[in-house]
Structures are given as C-alpha cells and as structure tokens.
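Report on the structure given below.
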Amino acid sequence: MTKAVPVTVLTGFLGSGKTTLLNRLLREPGMHGTAVVINEFGSVGLDHDLVDHTEENMVLLANGCICCTIRGDLVDAFERLAQTPAAQQGELRHVVLETTGLADPAPILHTLMGDPRMQGAWRLAGVACTVDACHAMATLDQHPEAVKQAAVADRLLLTKTDLQPAPDALMQRLRAINPLAEIRTDADGALSALQALLVRPAAAFTALPAENRSSFFPASTSTGSHHDDRIRSHVIVRDQPLSREGFFAWLDMIAKMRGDDLLRVKGLVHLSDDPEHPLVIHGVQHLFHPPETLPRWPSEDRRTRIVFITRGIDAEDIDATLSVFERRRPRRTPAPQPD
Ligand SMILES: Nc1nc2c(ncn2[C@@H]2O[C@H](COP(=O)(O)OP(=O)(O)OP(=O)(O)O)[C@@H](O)[C@H]2O)c(=O)[nH]1
C-alpha cells in the first residue's frame, strides 16, 4: 500500500443501529473498495453474519471488547487487512471500523492515531456515532461509555426516528456533550453524513497536527475490564431446531420480566418449521424489533445462536428457561367441527 487508507470509526451504544446503517452504506453505489473491521462483545460473534459483505474484505476481532483487549488485536487486524489482495493491489479505498456498543472509543482512536505500526498505512478519517432516539436518554444516564462515544464523534447520527422523533431534551443533551458534531436526525441524512465522512475526512481530525490529537484521548491506564461489573455477555447455542411456539413464548416472557436488564439480545434462530430460513431477532431492553427471516443461512453453521448482553442477570437462568420452553409441545389448533 502506498497511501494511508482512511479509517472511519462507527461507534454507538448497543443496539443503536450501527450494523443497520453500515449495511445501508455498503449497498450504496460507489462503495467498492470499502473494507469492514468488526469487533464484537461475546464469545460467539454474530455481527459478521449480519453485515452484508464479502468475506475477503472483512476482518473480525472476536475476542471480547475492543477497548479492553485491544491495541495489539486492532493493530493485528489492520496488518491482516493490509495483506488482503485488495489492499496489496491498491484497491482498498476506505475502512469502516464498527466498534462494539460497549466500547470506550478513546483507546481505539488513540491506537489509530498514535500507534507507530499504524502510521503511514492508515489514518483516522473521523468518528460517526449512532444515537438511538428511543433509548438514548436512559442510556446516557446509565452508561459513561455512551457519553464518551457521543463526545468524540464528528457526526451524531440519530436512528429509529421513524419510531419516535428525537426528543428535544435529547438534542439539547447531545449538543451539550458535543457542540461541534454535526447532528443528523433522519435516516437518509445519517447515511449521507456517514458516506461523506468516508470520502471527506472530518475537519477536526484533518486540522489538528498528529501530536496534538492524541492528547484529547489519553491512553487507558487500566489493563483489566473497566466496564460496569454487572454487565455480562452470554451466548445461548442450540444444536437442535426450536419450536416456534416455545421460542416466542420464552422470548415474550424474558422481555416482560427482565427487559430493563437485557441491554442487548441478538440472535440467529433455527426454527423447526422453517429450517432453511434463519430468523433474526434483535432486542434492545424491553423493545424487540419485529423478527426478520433471512433468505438463507449466512454460513454452514445452522445452530441457533443468541447473544445476550445483560446487566445483573444470571444468564444461565435465561438459558435454563429456554430449555423449559423448548419442551413445550405446539398447541394444537382445534379440529374443525362437522356442521
Ligand atoms: N425502526 C428502526 N429500527 C432500526 C433502525 N436502526 C436499527 N434498527 C433496528 O434496531 C435493532 C438493532 O440494530 P443494529 O443495527 O443491529 O444495532 P447495532 O448498533 O449494530 O447493535 P450492536 O451490534 O448490538 O451494538 C435491529 O432490529 C434494527 O433493525 C431505525 O432507524 N429504525
């Protein structure tokens, strides 16, 4: 590679719409030469199955939270990316780095801007942060990472405004956290702002000399995890297909009973009555989005895999309750009665 390839960081709290926006971006014309680096929280990654992208232009950091394990892993991922044919042939034009929703962006930016192994080959183009119009007020109250994500962004991209317009209080709060960021409140505006960030790097980063930039993002001094200790990730895996009725009854039950503490639920589900089409479920706290059915399995792996990021819940209990619901028999519809 001869010229430094711009890297756009896409951050935003759990379930705030990063992958959805990224998928829209990748479907836009003119996005060829865009590679994706994805980090996931949890021992079984799913985001790479949910991003529409060719394998060769995707690098996965599946080893826990990007800001805790990072530095070396991030640099390694970019070094692997540099070895791909697209990079070697000079066809790599942009990289989008999607962080996990719990990531503190500071160490990531610090690595991108300051690590000597990154210099020359990669440069930070800017930071976009998705902000969920429905949940962000509560999220900002409860999670310092979410505030940091909004604080370092060049663009704040409101999502889910089709469900609820961004409340005024949220807009004021975002402006107070980050008065310099451009804020977009509609889906098309968010998409074009992200796209513009890829091709026209954010002024804040281009204007500052490299040595000054890093002082905004002091290196983390902690080596261990500094997330809320009660936040846990857990993956439910089932080899056998699940009954539709049992699965939805279970989902309904956990959303009603423990919704506040389900920070994020994301899964690919193998239902026995539709084995060729995986069901994608997405939940953010008590709100579950209508499940979608994919036209085919994204890989050979046809197991049900559901990632839970919870606060203060013993995830093994959730796993055990699914086992109880799995044993439920489908309710029989009453046989038609003769006239
Ligand atoms: N109605 C609506 N739903 C959205 C919008 N953006 C995202 N969603 C839904 O919100 C859920 C979470 O979206 P994702 O794109 O997976 O969020 P994410 O930030 O990548 O989530 P994590 O990877 O867990 O941090 C999915 O069900 C999406 O379909 C939006 O603008 N409007």
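The values are calculated or read from the model by the stated rules, or taken from the named source; none is laboratory data. Note that the structure is predicted; figures quoted are calculated from it, not measured. Cβ sites come from the backbone with ideal geometry, for glycine too, and all protein chains shown count toward neighbours. Accessible surface areas use protein heavy atoms only, side chains included; no ligands, DNA or RNA. Shrake-Rupley method; radii C 1.70, N 1.55, O 1.52, S 1.80 Å.
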- May I ask you to verify whether residue 246 is in contact (Cβ under 8 Å) with a residue 24 or more places away in the chain and over 25 Å from the mean Cα position of the chain (by Cα)? yes
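Is it fair to say residue 268 is over 25 Å from residue 138 (Cβ atoms), of a type in the set (A, V, I, L, M) and either assigned to a strand (DSSP E or B) or within 16 Å of the ligand (Cβ to nearest atom) (or both)?
Working: over 25 Å from residue 138 (Cβ atoms): yes; of a type in the set (A, V, I, L, M): yes; either assigned to a strand (DSSP E or B) or within 16 Å of the ligand (Cβ to nearest atom) (or both): yes.
Judged against the criteria, residue 268 is a match.
Listed here are the residues, each with its yes/no results for (1) modelled with pLDDT of 75 or more; (2) crowded, with 16+ Cβ neighbours inside 10 Å.
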position	(1), (2)
2	no, no
25	yes, yes
70	no, yes
93	yes, yes
103	yes, yes
- Task: Can you tell me which residue among 234, 282 is more than 23 Å from residue 151 (Cβ to Cβ), touching a helix residue (DSSP H, G or I) at 6+ places or on another chain (Cβ under 6 Å) and modelled with pLDDT under 90?
- Result: 234
- Query: Pairs, please: C-beta under 7 Å, at least 6 apart or cross-chain, first residue farther than 21 Å from residue 244 by Cα and in the range 291-320, second away from the ligand (no atom under 16 Å from the Cβ)?
  - Reply: 311/230; 312/230; 313/258
- Return the pairs, sorted by first residue and then second, in which the second residue is surrounded by 18 or more Cβ atoms within 10 Å (Cβ to Cβ) and assigned to a helix (DSSP H, G or I), the first residue lies in the range 15-27 and is without any contact (Cβ under 8 Å) to a residue 60 or more places away in the chain, the beta carbons are less than 9 Å apart, and the residues are 6+ apart or on different chains. 23/50
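For residue 244, state whether it is modelled with pLDDT under 90, away from the ligand (no atom under 16 Å from the Cβ) and either within 22 Å of residue 17 (Cβ to Cβ) or open to solvent by 40 Å² or more (accessible area, probe 1.4 Å) (or both). Step through it out loud before you land on a result.
On the way: modelled with pLDDT under 90: no; away from the ligand (no atom under 16 Å from the Cβ): yes; either within 22 Å of residue 17 (Cβ to Cβ) or open to solvent by 40 Å² or more (accessible area, probe 1.4 Å) (or both): yes.
No, not satisfied.
Tell me, which residue of the range 285-326 that is assigned to a loop (DSSP other than H, G, I, E, B) and at pLDDT below 75 is farthest from the ligand (Cβ to nearest atom)?
From the range 285-326, those assigned to a loop (DSSP other than H, G, I, E, B) are 285-286, 289-291, 294-303, 312-314; that's our starting set.
From what is left, the residues that are at pLDDT below 75 are 285-286, 289.
Details: 285: 11, 286: 13, 289: 3 Å.
Looking at the filtered set, the residue picked out is 286.
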- Query: Do you know which residues across the range 4-23 are at positive phi and modelled with pLDDT under 90?
  - Reply: none
- What is the number of the single condition among (1) within 15 Å of the ligand (Cβ to nearest atom); (2) in contact with a Ser or Thr (Cβ under 9 Å, 6 or more places away or on another chain); (3) touching a residue at least 60 places away in the same chain (Cβ under 8 Å) that residue 113 does not meet? (1)
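Within the range 177-188, restricting attention to residues that are assigned to a helix (DSSP H, G or I) and more than 9 Å from residue 151 (Cα to Cα), which residue is farthest from the ligand (Cβ to nearest atom)? Steps first, answer last, please.
In the first step, residues of the range 177-188 are kept if they are assigned to a helix (DSSP H, G or I); the result is 177, 187-188.
Now restrict to residues that are more than 9 Å from residue 151 (Cα to Cα): 187-188.
Values: 187: 5, 188: 11 Å.
Residue satisfying both the conditions and the ranking: 188.
What do you reckon, is residue 64 within 11 Å of the ligand (Cβ to nearest atom), assigned by TED's automatic domain parsing to the domain that holds residue 141 and either at pLDDT 60 or above or out of contact with any Gly (no Cβ under 6 Å at 6 or more places or on another chain) (or both)?
no
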